[in-house]
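One structure below.
Please treat every number below as a calculation from the coordinates, not as lab data. On a predicted model such as this, the values are computed, not experimentally measured, just so you know. Here Cβ is always computed from backbone atoms with ideal geometry, including for glycine, and neighbour counts include all displayed protein chains.
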Amino acid sequence: MHDIKAIRENPDAFDKGLAMRGLEPMAKSILDRDAIIRKGMQVQQDAEAARNAASKKIGQAMAKGDKEEAERLKAEVSGAKNVIAAMGAQLDGERAIQSDKLAGIPNLPFDDVPVGDDEDSNVELRTVGTPRSFDFDVKDHADLGENLGQMDFETAAKMSGSRFVILSGKLARLERALGDLMLDMQTEEHGFVETSPPFMVRGDALYGTGQLPKFEEDLYKAGEAYLIPTAEVSLTNIVRESIIEAETLPRRYTARTPCFRSEAGSAGQDTKGMIRQHQFIKVEMVSITRPEESEAEHLRMLDCAENVLKKLDLPYRVVELCTGDLGFGARRTFDIEVWLPSQDRYREISSISNCGDFQARRMNARYKHAPKDNRFVHTLNGSGLAVGRTLVAVLENYQNADGSITVPDALVPYMGGATIIE
C-alpha cells in the first residue's frame, strides 16, 4: 500500500516510480480524490462542532424558559446530524474507491533498478560454475525420471489433472533430501527460525502480501480460505497488526511447504515436466527488518540462497530484474537461475525481493523506533530454494549415459548413503 502523505508531499516522485514500471501518472487523480475526502472530513467536523455547541445551549434555553430558542437549537442539531450522516456515507464511498485504487498500484522500484519492459532488459550480475560438457545426448528431467520408473505424470493426471506428478522410490527421497538440506542450511548456517505455518490463509493475509486483490485468478480457494501460493504469505503475516520491539529485529523465518498456483496465463508454457506445476514444494525465507537494514539484508538473503547451489555444485547465474519484470510488491528483485542442460539455458530457481514498507503498510506491521514513534518495518522474501526445480537441476546436471543419476556429495548423508539412483 502506498503512503498518501508521501504522494501529497512529492507527487512527481510517485509518478516517476510508476513511469519506471511503464505506467501512466496517477498522482493527480489520487490527490484530487484525496482533496475531496479531506474537504468532506472538514465539513463533517464543522457539522459535529455545530451539533455539540447547539446541544449544550438547548439545556440553557430550557432553563431560561425560552422554548422557542430551544426548538430552534433542536432543529439545528437535527440538521447537523443529517449533514454528518450524509457526509459520512459520501466519505465511505470515496475512501473505498481510493483504497481500491491504491491497493491495485504496484510498489515503486528503487531509483537505481534497471529500467526495461521485460526480461530481456534484466541485468546479469554474475555467473557461478561452468556448465558440464556431456559426451552423450542429454535427456530432460521428465524423460530421466520416467525411464527410472520413479516419476509418473500420467497417473497424477488421472487423479488431479495436468501439471501434477507422482514421485516414488529414490526420487521421492531425493526431493525430501533436498528440502532437508535447504532447511538445515538456512537454520543452522544462516540463522533463520524454522517454522511450520498454515497452508491455508484468509483473504486479508493475501491482501497483506499483495496477492489480493490483483492476482486472485492465480489462487486456489477452499471455502472461505485460500491455499498458499508461497510460504511468504504465512511467514510475513506473522507480524501483521503488531508493534515489534526494535531490538528483536531482524526477524528471520524459513519454512518448507507445499505451494499451490493455478498458473493462470501460462497455457503452453513448460507443459512437460516439473518446471511449472500447480502443486510444488518450496523452502521459503522471510526477513523482517528496520528500514535502514533492508538493503543489506537483501544481499544476505541472496547469499543464503546461492550457498545451496554452491553446496550442490550446480552452475547458476544471478540477474537483477528490470522494472518491467518486477513483481507487484517488490522494490528490487534478484533472480537466481540454474543451468538446465536439456534446455541449454538458465532457468529461474529463486527470486529474492525487497518489498520495503509496501507489505507492512497493508498489514499494519510496525516497530518501536522511539518512544511514541512507531514506524513500518521492511519485509523481504525469497526462495531458498524451490525444491522441485532444484530436483530438476540435479537430475539433468548429474545424469549419466545409462540414464542413472549420481547423487551430489552434499545429499549422500540425506539419502542414506546412496550415491547413485538407477
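Which of the residues belonging to region 252-276 are over 20 Å from ASN147 (Cα atoms) and polar (S, T, N, Q)? Even if it seems obvious, please write down each step before you answer.
As a first pass, look at region 252-276 and keep what is over 20 Å from ASN147 (Cα atoms): 252-269, 276.
Result: THR254, THR257, SER262, SER266, GLN269.
Working only within region 23-42, note down all residues that are not hydrophobic (A, V, I, L, M, F, W, C) and not in a helix (DSSP H, G or I). It would help to see each step written out before you state the result.
Residues of region 23-42 not hydrophobic (A, V, I, L, M, F, W, C): 24-25, 28-29, 32-34, 38-40, 42.
The answer is GLU24, PRO25.
Find all pairs meeting these conditions: Cβ atoms under 8 angstrom apart; at least six residues apart or on different chains; first residue within region 393-415 and within 19 Å of ASP143 (Cβ to Cβ); second residue among the polar types (S, T, N, Q) and part of a helix (DSSP H, G or I).
Between residues of region 393-415 that are within 19 Å of ASP143 (Cβ to Cβ) and residues that are among the polar types (S, T, N, Q) and part of a helix (DSSP H, G or I), the close pairs are GLY403/ASN147.
Checking LEU206 against (1) in a loop (DSSP other than H, G, I, E, B); (2) buried (at least 16 other Cβ atoms within 10 Å of the Cβ), which test does it fail?
Against the list (1) in a loop (DSSP other than H, G, I, E, B); (2) buried (at least 16 other Cβ atoms within 10 Å of the Cβ), LEU206 comes up short only on (1).
If you check ALA255 against the conditions, is it surrounded by fewer than 17 Cβ atoms within 10 Å (Cβ to Cβ) and hydrophobic (A, V, I, L, M, F, W, C)? Walk me through it before giving the result.
Numbers: surrounded by fewer than 17 Cβ atoms within 10 Å (Cβ to Cβ): no; hydrophobic (A, V, I, L, M, F, W, C): yes.
For ALA255, the condition - surrounded by fewer than 17 Cβ atoms within 10 Å (Cβ to Cβ) and hydrophobic (A, V, I, L, M, F, W, C) - is not met.
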